[in-house]
Protein chains: 2
Amino acid sequence: MPPEVIHLGEKFAAFSDHWNPRIVGDYNGNEMRVVKFKGTFTWHSHAESDELFIPVSGTMKMEFRDGMRELAPGDVLLVPRGTEHRSVAEQECSALVFIHEGEPNTGAQPSAYTRPKLDRI
Amino acid sequence: MPPEVIHLGEKFAAFSDHWNPRIVGDYNGNEMRVVKFKGTFTWHSHAESDELFIPVSGTMKMEFRDGMRELAPGDVLLVPRGTEHRSVAEQECSALVFIHEGEPNTGAQPSAYTRPKLDRI
């Protein structure tokens, strides 16, 4: 059988909680995760992995120590490894996130938002 | 300055030719490429890299030796390394494609569609 298509709408319909990534696939040593953002995350960085954000619905902001970026569907933002950042979403935003396999969602800065074990959906 | 947002609409507006990927960013040793598909590509595989297809506008099909998948915006398709495939698009389809840095677009099977040196836009 050929590889299955990942239908993001079905994946996002399968959960409603915020800041709790689910893994939907694997790509060259990275995990493809789906996440719903709402509110303000905690500052963190990933020492060994770039992180990619692709909003699918809603808008979000990414705060950096030296500025802020706004993201909407049709945009892609790469956060280079080692760069402190935190996500902010005034309204719910659903996004695809790529990061190295097993990398904690809060990187090297554990917080109440850390999800040590991610489900696969 | 914080990292720049990649606006895919601007990237796709910057070129019109088919089967000629442009690099728009780098992610953990992979290139993020934008491509416009129209017609039928050549059969090929990538021995050492998974390949990820994320349609942004239009629809496309991915043919495999054992079947076919259809893709539209909101879908993601991972083609595992070593898997023969070819893209087909009856109407133009614009897509984001991820693959290892430097990997030829036709993998180990050069054809008239091979683009040895990709531009960055």
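What are the label-to-label distances in nm, one decimal and shortest first, from A:HIS7 to the same spot in the other copies, with labels 7 Å along Cα to Cβ?
Spacings between copies for this position, smallest first, are 3.3 nm.
Within the protein assembly as shown, how many lysine pairs that are 8 or more places apart, or on different chains, have C-alpha atoms less than 19 Å apart?
12
Which residue, B:PRO80, B:PRO21, B:PRO55, tops the fluctuation ranking in a GNM of chain B built on C-alpha contacts under 10 Å?
Among B:PRO80, B:PRO21, B:PRO55, the largest mean-square fluctuation in the Gaussian network model of chain B belongs to B:PRO80.
Out of A:SER16, A:SER45, A:SER57, any idea which swings most in a Gaussian network model of chain A, alpha carbons joined below 10 Å?
Greatest mean-square fluctuation among the candidates belongs to A:SER16.
Tell me, how many Å apart are the Cα centres for segment B:42-121 and for segment A:15-68?
25
Give me a single rounded figure for A:59-70: the average over its residues of other chain Cβ atoms within 10 Å of their Cβ.
Details: counts 0, 0, 0, 3, 1, 3, 1, 2, 3, 1, 5, 1.
Averaged over the peptide's residues, the number is 2.
For the pair A:TRP43 and A:GLU70, what calculated FRET efficiency results from E = 1/(1 + (r/R0)^6), where r is the Cβ-Cβ distance and R0 = 22 Å, to the nearest 0.05?
Values: r = 18 Å, r/R0 = 0.83.
So the FRET efficiency works out to roughly 0.75.
Please compute the average number of Cβ atoms from other chains found within 10 Å of each residue's Cβ in peptide A:1-14. Let's see the in-between values first.
Values: counts 4, 12, 11, 3, 11, 8, 5, 5, 2, 2, 2, 1, 0, 0.
Mean partner shielding for this stretch: 5.
If a/c stays under 1.5 just call it rounded; otherwise compare a/b with b/c (prolate if a/b is bigger, oblate if not). Do that for segment B:1-40, with a ≥ b ≥ c from the square roots of the Cα gyration tensor eigenvalues.
Judged from the Cα gyration tensor, segment B:1-40 comes out oblate (a/c at least 1.5, b/c at or above a/b).
So what are the protein assembly as shown's ellipsoid semi-axes, whole angstrom, largest first, if each one is the square root of 5 times an eigenvalue of the alpha-carbon gyration tensor?
Values: eigenvalues 181, 70, 57 Å².
Result for the protein assembly as shown: semi-axes of 30, 19, 17 Å.
A:HIS100 label points, 7 Å along Cα→Cβ, one per copy: pairwise distances from this copy to the rest in nm, shortest first?
A:HIS100 label point versus its equivalents elsewhere: 1.8 nm.
Output, in nm with one decimal and in ascending order, the distances from the B:ASP66 label point to the matching label points of the other copies (7 Å from Cα along Cα-to-Cβ).
5.0
Kirkwood Rh over Cα pairs of segment A:3-71 into Stokes-Einstein at 10 °C, 1.306 mPa s: D in µm²/s?
Working: Rh = 13.9 Å.
After rounding, the answer is 114 µm²/s.
Here, each number is a calculation from the coordinates, and none is a lab measurement. Small disclaimer: the values here were computed from a predicted structure and weren't measured. Backbone-built Cβ (ideal geometry, glycine too); neighbour counts: all protein chains shown.
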